[in-house]
1. Rounded to the nearest 100 Å², what is the sum over both chains of accessible area buried where B meets A, with a probe of 1.4 Å?
2. Taking the Cα atoms of segment A:395-485 alone, what are Rg (to one decimal) and Dmax (as a whole number) in Å?
3. Bin all alpha-carbon pair distances of chain B at 10 Å intervals from 0 and give each bin's fraction as a whole percent.
4. Once you put a point 7 Å from the Cα of B:Arg56 and another 7 Å from the Cα of A:Glu188, both along the Cβ direction, what distance in nm separates them?
5. Using only atoms on other chains, find how many Cβ atoms lie within 10 Å of each Cβ of peptide A:498-509 and report the average.
6. Using only Cα atoms and rounding to the nearest 10 degrees, what angle (0 to 90) does helix B:249-262 make with the longest principal axis of chain B?
7. Which angle between 0 and 90 degrees, to the nearest 10, do you get for helix B:443-453 versus the longest principal axis of chain B when only C-alpha atoms count?
8. Tally Lys and Arg at +1 and Asp and Glu at -1 over the other residues with C-beta under 15 Å from the C-beta of B:Asp378: what net charge comes out?
There are 2 protein chains.
Amino acid sequence: MNIAVTPPALPEEPNVDLALKDAREQVMQETGTIPTGERAGSRKVYVAGELYPDIRVPFREVAVHPSANEPPVTIYDSSGPYTDPTVTIDIKRGLPLVKSSWQLDRGDIAPVENPREVKPEDNGHASGKNLAPRFDTSHHKVFKGVEGRPVTQYEYAKAGIITPEMEYVAIRENLRREQTAPCIRDGEDFGASIPDFVTPEFVRQEIARGRAIIPHNINHPEVEPMIIGRNFLVKINANIGNSAVLSSVDDEVDKLVWATRWGADNVMDLSTGRNIHNIRDWIIRNSSVPIGTVPIYQALEKVNGVAEDLTWEVYRDTLIEQAEQGVDYFTIHAGVRLPFVPMTAKRVTGIVSRGGSIMAKWCLSHHRESFLYEHFEDICDIMRAYDVSFSLGDGLRPGSIADANDEAQFAELRTLGELTKVAWAKGCQVMIEGPGHVPMHKIKANMDEQLKHCHEAPFYTLGPLTTDIAPGYDHITSAIGAAMIGWFGTAMLCYVTPKEHLGLPDRQDVKDGVITYKIAAHAADLAKGHPAARLHDDALSRARFEFRWEDQFNLGLDPETARKYHDATLPKEAHKTAHFCSMCGPKFCSMKISQDIRRDAQAQNDAGGSLLDAEAGMAEMSAKFRAGGGVVEVKV
Amino acid sequence: MNIAVTPPALPEEPNVDLALKDAREQVMQETGTIPTGERAGSRKVYVAGELYPDIRVPFREVAVHPSANEPPVTIYDSSGPYTDPTVTIDIKRGLPLVKSSWQLDRGDIAPVENPREVKPEDNGHASGKNLAPRFDTSHHKVFKGVEGRPVTQYEYAKAGIITPEMEYVAIRENLRREQTAPCIRDGEDFGASIPDFVTPEFVRQEIARGRAIIPHNINHPEVEPMIIGRNFLVKINANIGNSAVLSSVDDEVDKLVWATRWGADNVMDLSTGRNIHNIRDWIIRNSSVPIGTVPIYQALEKVNGVAEDLTWEVYRDTLIEQAEQGVDYFTIHAGVRLPFVPMTAKRVTGIVSRGGSIMAKWCLSHHRESFLYEHFEDICDIMRAYDVSFSLGDGLRPGSIADANDEAQFAELRTLGELTKVAWAKGCQVMIEGPGHVPMHKIKANMDEQLKHCHEAPFYTLGPLTTDIAPGYDHITSAIGAAMIGWFGTAMLCYVTPKEHLGLPDRQDVKDGVITYKIAAHAADLAKGHPAARLHDDALSRARFEFRWEDQFNLGLDPETARKYHDATLPKEAHKTAHFCSMCGPKFCSMKISQDIRRDAQAQNDAGGSLLDAEAGMAEMSAKFRAGGGVVEVKV
């Protein structure tokens, strides 16, 4: 832990009153405590690009005990510079930039001459000590695509251009397997096209086909590029954000760093209270993962929470505000069309998406089609100019088992498919949001319908929760559905925390949600037969079998918790090399007995016996056994 | 909480020395604190039998707020007399008897004249203060089947006799739906035969076909009968038990009561240290759920932990010892045959079942076929005489993703199928144990192979864990697999706690494991389309949509935790009726907006509008929409 967390100095800013300074000081102090330093037993390593040698792709390397005589295990690392001991973290200044100037050099993007000014309504008219401190954005130059030039990853891919981002994610997806391991293919991928190794050209093709996206606003140069697509590792998203009830800047930055530390690949800022703009600056400038938002939330705040008062102009202004800040993807509920709203009337739980219910209310009160639907091409034009990706929202997703897979849900899904084509034609990257609450037997239909109607655009689902009866445990009810739908082809899983339906997640909830969803995503990768997946399981299982306790902890998703559980009953250091644990004690340890058997057999074998005279001997014995049906004498 | 927990008086027992008395006093004091009283928001109710009017089948009834105008929700209740406020709990005396004397009256069973005496080796030669206090078994009369008479539920079923146990479980499975609710059939059951309502005759048929069991030793009259079978509600088992490292009587009784309070349908006592016999008495006499054991554990203790020294005679004596105590089912690893052991040699994690590794070691060191396999008919004869059910153990289950579905595992499974037929021919009830660690895409094959080779005998699986990379979270890695295999047809799911692979579960782990597995089992019931399943989800979802917070908590699997999470941010009593929560705050509550929409529409409707002029209007609008592809004007 040799990382220096710079104590943030207060910037000069004459228009900040004393109360605000106090607020900022407090924020600084508290965000100064965000978790940094390498993960337990891990080392941060980087791999350079070949096409683009400046690229430095991060990995987390877990070394195992020398007795294992194994290479270290390389793990996908979404934690950003916070776990790099050579980087000085300064929350006030934000993260170092990752993106190079290649787009600027090509003349594809240019600085915006008159970026949008922050307006009082952007922060819900918060003022004085109610106003969250502003992030010093003086170093943040705002860019926009140049008319007539490509700017989105989709456009480059279509034009046959491999971008640095594409090479970056190609390296990232391979987990350095080229160097260390054979390619294990064992799974059922339901028609996916997962390659043995990912090449930059494969990435380009997948993006050009619309089957994958690299969410990466040109105004968020702090992002370490990542890819979302069915033929890549399954990703997870963590939601953070304040609400009108709970609110603080420091909590949200802390949750962001905390979530990515444990493995969140994306973070959505779902803030809905005041200070939305300012909090978002802090989050984006300190985030190495793509940030998503739901712009309608802020737009609604700007019209004082009255859905009927929403207008295209307010919404449009909000899109530009957030695009200039650097939001990487927007959830747009353009599929909540007027004719679909009555389809929800007989539901047990009506409309449960916030954005969906806002738009439904707007449509009904104006007797008009959704302005998001009507202005969809305008929205595309704005988003394309910054390469903000679409996350087409499922405003009519089911909120209970009873409502799963109903008419309203699938009507919206088909509309999202139409809109996908419109967005692609405009050059935008697109993914599709999915449910929700769905019993296990109805999950596959969601994936099948999505693939069919949305033209293989990446699917991004919330859970789904497989039962409604466990408030307080919906990370688990939903992990079941998430793992399954990930297996079936969903590209990113939005986490659900234990607080779902009950309150806003705190730090522990964020961690529980992230770890639970890392499990679901990895279980899905294994089942799909992703060739990078099983190496991790096998390394951990070997450590387990060989009683390398430290390796077992360090290779796990949460070394601290595993160690704590082990030490609860066997705290001594000597127990870390003990050939048993407290579950069974020494006499009953099956792994120990198994090893004894193997050792004895090996000894006999060395002396001319046959038990472990492996394949041949085993096959022979098996054959004898099957033929005779009786007892086979084994010479040991 | 008007239940009186009688302070247990010390029994007269002249051969108890002072140290032992102290130990017992401590035990008494601590077991006196076991959780009793009704569950939050719940009421214990009983339903009488028709064929056997003395039967009193327990349920937990959750009343909802009068504003809902709904009947109370009836929930399966495995918690026994501990949640009945009219019962006085006295751990020292054990539970009141449930079983009537019908078998005795028929002359099918008779008292054993010379029951086996407890021997010093039964408790691992523990003495003095190391010896756990003995339960006063003077009231426990030991019975055995009478030669030539039926004694097992299987034999009665085959003979066409509907026993009181069969009617009991039939009533139990229906959850009083006859009185309150329509029959919702919606699911994919993969060829199961789940009836709309369970009749005693259906139970008999299922048991006679070997597709279900009622594990119920005639010497465990405290049991509230329950059924395990693919065409019934999915059940869960909780493992408790001490080890050589950790040991105490009070902890185990507490865990037993705690596990059943949260919903464990069965409990296995997997103790492996000293005092196995005495601890088991305490557990059985205080258990209203069937208790399972793995007799080889105690047999091994009797030969001082040296697997090679195990003999049929020691094992046989242990079976009788435990059968007379009242163990309801035995895990018997008779499928670990000598020829299969070498098949595990190349595995990543060898043999991970304790029983399996003990038998493997025995087989190899003696160069002999397993004595469990060779004496299988003798084992049947013993178990039949007390109606101890078989749980045919999967000693060669995979202990890692790498080893799933391998040759060793399936060779053993086929052997278990052979043995099932032998056991049935002897009149025994049988279920089959299953894995283990299995990635999602290999789970269904486990169920299919089991159904095929084991003749539809109930499957009872541990998890399976769907990835190896999350020590500390294996309740979750396994809940994913458990829910899926339950859906596919597994009848009982053995829980996995967060401490799996790391240590013995404590109280919190037991609760986490049970709740997690209740989720998995219920998700499976929903997906199978069990007609009793969705009523619970729907009732909770309606409560959620109508902001009946107290109902939402009380209908959940864990009201205390749900309430705590909610109150973390909105603690005031007024918030329990608030039409929002802290997740979104009042302005953004989709459910509130949804209700507003509905209310507005209803008002318009009452005034002659058409939005909620439901089916007709909606169909019309949908049709117009589909035909026109454009904007449809909706009259609200």
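The values are calculated or read from the model by the stated rules, or taken from the named source; none is laboratory data. Since the model is a prediction, treat every value here as computed from it, not as a measurement. All Cβ positions, glycine included, derive from the backbone under ideal geometry; neighbour counts span all protein chains shown. Only protein heavy atoms, including side chains, enter the accessible area calculation; ligands, DNA and RNA are left aside. Shrake-Rupley method; radii C 1.70, N 1.55, O 1.52, S 1.80 Å.
1. Values: alone 26300 and 26260 Å², together 41150 Å².
Buried: approximately 11400 Å² between A and B.
2. 13.4, 43
3. 3, 15, 25, 26, 16, 8, 4, 2, 0, 0
4. Calculated label separation equals 4.8 nm.
5. Details: counts 3, 8, 2, 9, 17, 10, 7, 2, 3, 0, 0, 2.
Going residue by residue through A:498-509 and averaging, the value is 5.
6. Computed tilt is about 30 degrees.
7. For helix B:443-453, the angle is close to 50 degrees.
8. Working: positive: B:Arg316, B:Arg384, B:Lys426; negative: B:Glu313, B:Asp317, B:Glu369, B:Glu374, B:Glu377, B:Asp381.
Residues close to B:Asp378 contribute a combined charge of -3.
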